[in-house]
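Heads up, the thing below is written out as structure tokens.
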Amino acid sequence: MISEIKKDLRKKMREIQKSYLANLTYKEKHSLAENLCEKVTAIPEYKAADLVLAYIPDTLEADCTPVILDALEKGKKVCVPKVDFTAMKAGQSKMDFYFLDDSKPIEEQLETGTYGIREPKAGLEKFVREKDCRVKPGHDTAIFVLVPGVAFTKDGKRLGHGKGFYDIYIERMKKAGMNPFLCGICLPCQVLEDLPADEHDVLMDVILS
């Protein structure tokens, strides 16, 4: 079954990521993040975006922090995700995004939540999909989404962590009338020739590593 193939591939890819990162120096990791930022910020869809949905990287994910800093510096609105673990315990994959305050350092707005995941603190404004998100009144908000994953292909396929958070969230955005530009970002070792895909898997518009 595809689900079992994906499960085995996730395990294999995590080991590959660990090995890849273990062989990099701090300077090389920093350079990797900066180079990725340069690629992302050169995309026309990023330049035109009013709102950037980013993520707070874990120890194995591509570091998108330079992109977040660039977006805030350029006056774009930036949101980061928080998983609803109460819903997760009930068997539901629910995730929401929250606006970062551009007047405060990013780390001051984050806390370590369940399972050691860094997430936005309580009190930050929630991004509501069904509204204009108040970025520019009377203007169709251009949304750029940085999507993490376990593995990607050059033609836009993505292997997530298995809970469907991004697939579900993106589909809800589209149903609310939004047309987000989806940018999958990853480490060079995470780009594969092909991936098993289900009907509900959302394709990326571009993959950068």
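The values are calculated or read from the model by the stated rules, or taken from the named source; none is laboratory data. From a predicted model like this one, the values you see are computed outputs, not experimental measurements. Here Cβ is always computed from backbone atoms with ideal geometry, including for glycine, and neighbour counts include all displayed protein chains. These area figures cover heavy atoms from the full protein model, side chains too; ligands, DNA and RNA do not enter into them. Shrake-Rupley method; radii C 1.70, N 1.55, O 1.52, S 1.80 Å.
Could you check how much of the accessible area of the chain is carbon and sulfur, as a whole percent, using a 1.4 Å probe?
51 percent
Under a straight-distance cross-link criterion of Cα-Cα below 15 Å, which aspartates and glutamates are reachable from K77, leaving out those fewer than 8 residues away in the same chain?
Leaving aside aspartates and glutamates fewer than 8 places away in the same chain, those within reach of K77 are E45, D50, D101, D102, E125, D132, D140.
For V67, V128, give the ranking by accessible area with the largest first, probe 1.4 Å.
Greatest to least solvent exposure: V128, V67.
Calculate, in nm to one decimal, what K104 and H30 gain on full extension: separation in residues at 0.36 nm each, minus their alpha carbon distance.
24.4 nm
Need one word for the stretch 1-73: rounded, prolate or oblate. Basis is the Cα gyration tensor (sqrt eigenvalues a ≥ b ≥ c); a/c below 1.5 gives rounded, then a/b vs b/c decides.
Cα axes put the stretch 1-73 in the oblate bin.
Connecting C-alpha atoms closer than 10 Å in a GNM of the chain, tell me which of D155, D58, D198 has the biggest fluctuation.
Result for the chain, Cα springs under 10 Å: D198 fluctuates most.
Which longest uninterrupted range of the chain lacks any GluC sites (Glu not before Pro) assigned by DSSP to a loop state (not H, G, I, E or B) and surrounded by at most 11 other Cβ atoms within 10 Å?
1-129
Most fluctuating residue of P180, P44, P148 in a GNM of the chain with Cα springs under 10 Å: which is it?
Highest fluctuation among the options: P44.
What per residue convex hull volume, in Å³, do the alpha-carbon atoms of the chain yield?
Given the Cα convex hull of the chain, per-residue volume reads 131 Å³.
Net charge near P120: determine it from the other residues with C-beta under 12 Å of the C-beta of P120, scoring Lys and Arg +1 and Asp and Glu -1.
The answer is -2.
Please work out how much length the chain gains when fully extended from L9 to K74, using 0.36 nm per residue of separation minus the C-alpha to C-alpha distance, in nm with one decimal.
Working it through step by step, the gained length comes to 19.6 nm.
Test of understanding: what is the full-extension gain from D205 to K18, defined as 0.36 nm times their sequence separation minus their Cα-Cα distance?
64.6 nm
What number comes out for the charge environment of G149, summing +1 per Lys or Arg and -1 per Asp or Glu over other residues with Cβ under 11 Å away?
Net charge in that neighbourhood comes out at 0.
Listed here are the pairs K12/K121; K7/K121; K76/K121; which of them are more than 28 Å apart at the Cα?
K12/K121; K7/K121
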